[in-house]
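Okay, structure first, notes after.
No lab work stands behind these numbers, since they all come straight from the coordinates. The model shown is predicted, which means the values in this text are computed figures rather than measured ones. Backbone-built Cβ (ideal geometry, glycine too); neighbour counts: all protein chains shown.
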Amino acid sequence: MAKSPPVFRFAPSPNGRLHLGHALSALTNARLAAAFGGRLLLRIEDIDLARCRPEFEQGIHDDLAWLGLHFDGAVRRQSEHFDDYRSALAQLQAMGLIYPCFCSRQEVKQAVARREAETGEPWPRDPDGAPLYPGCCRNLSGAEQRERIAAGEPHVLRLAMDRALACAGADLSYSVFDAEGAVRRIAVDPARWGDVVLARKDVPTSYHLAVVVDDALQGVSHVVRGRDLEAATAIHLVLQRLLGLAVPLYHFHRLLADQTGQKLAKSRQSPGLADLRAQGVTPAAIRRQLGFT
């Protein structure tokens, strides 16, 4: 029986125009997919309904076409598949691994400040530098949880990380691959992330939950993304274990920085590919600049 070709994916969010960092990621995916004889999918990660806009989604297609990139199969738009994420969330809830948290961001910040004042020590931070959730709502009774939800209180759904790790089992590690196909194992400690948010009242998923569900449903075997997401892969591994999903191979590419040394980002209004195109920059020049010939 013939072996299925590997499956790669490029998955931008339509909350702004693509910049050079996105071009690097898309071109890296395309190069590796070609090198490994694989397929390359396009996924639109638009769960943030407040920030994602149709014109930005069209801009993604325009920019990728301008770069000369082609994708296989139908485009998956996350906003059309919320039921898939609800199903995964229900599975975790049935395992007793999810609890509602009614704390606002400000209340979490205040709780952390109180803990630091009481102990005189800095509160633990996650790999992104945010304070770990202090567990204010962790031990609410089931009756209180139901009463507050029925009353319409805003809340998020958090993963009880200690219980999740107990269910996930030992050997929490995944494999990374390089351009030559060499593979090595990476051990992770998901506890460093604490009780991460997996869904909100208005959106039935988070990036972490949606990405593992999508990768599994699309048969993605090779995930190629920036080093800024390397630490978060620990969360994804736990969810894959809990949900019984296949764990892809991973490759983390370099990041691009601006003149101040900060990573290119839409939030910092990094120049978009459309801006460069308007200035007369060609796709060939972009490829040369990023090291692709």
Next on the checklist: Using Cα-Cα distances under 8 Å and only pairs 6 or more residues apart, what relative contact order does segment 1-113 have, in percent?
Outcome noted: 28
Checklist entry - With point charges of +1 on the Cβ of Lys and Arg and -1 on the Cβ of Asp and Glu, referenced to the Cα centre of the chain, which listed residue (Gly280, Leu229, Thr205) lies farthest in the positive direction of the dipole? => result Gly280
Item to check | Dimensions (Å) - segment 202-293, Cα atoms, principal axes, largest first | outcome: 48, 34, 23
Checklist entry - Is the chain rounded, prolate or oblate when judged by the Cα gyration tensor, a ≥ b ≥ c being the square roots of its eigenvalues, rounded requiring a/c under 1.5 and prolate requiring a/b larger than b/c? => result prolate
Checklist entry - Sorted by packing (mean other beta-carbon atoms within 10 Å per residue), highest first, where do 142-153, 104-115, 157-168 land? => result 157-168, 104-115, 142-153
Next on the checklist: I'd like to know which of Ser173, Val156, Trp66 lies farthest towards the positive end of the charge dipole of the chain, counting +1 on Cβ of Lys and Arg and -1 on Cβ of Asp and Glu.
Outcome noted: Trp66
Item to check | Ordering of 9-16, 205-212, 241-248 by burial proxy (mean other Cβ atoms within 10 Å per residue, highest first) | outcome: 205-212, 9-16, 241-248
Checklist entry - Does anyone have the angle between helix 54-67 and the longest principal axis of the chain? Alpha-carbon axes, 0 to 90°, nearest 10? => result 40
Item to check | Computed magnitude of the charge dipole of the chain (debye, nearest 20; Cβ of K, R +1, Cβ of D, E -1) | outcome: 400
Checklist outcome for this item: Inter-part gap, Cα centre of segment 176-192 to Cα centre of segment 32-90, in whole angstrom, is 24
Checklist entry - In cubic angstrom, how much convex hull volume per residue do the alpha carbon atoms of segment 39-127 span? => result 200
Item to check | Two-site label geometry, Ile149 and Asp275: point separation in nm, points 7 Å out along Cα→Cβ | outcome: 4.4
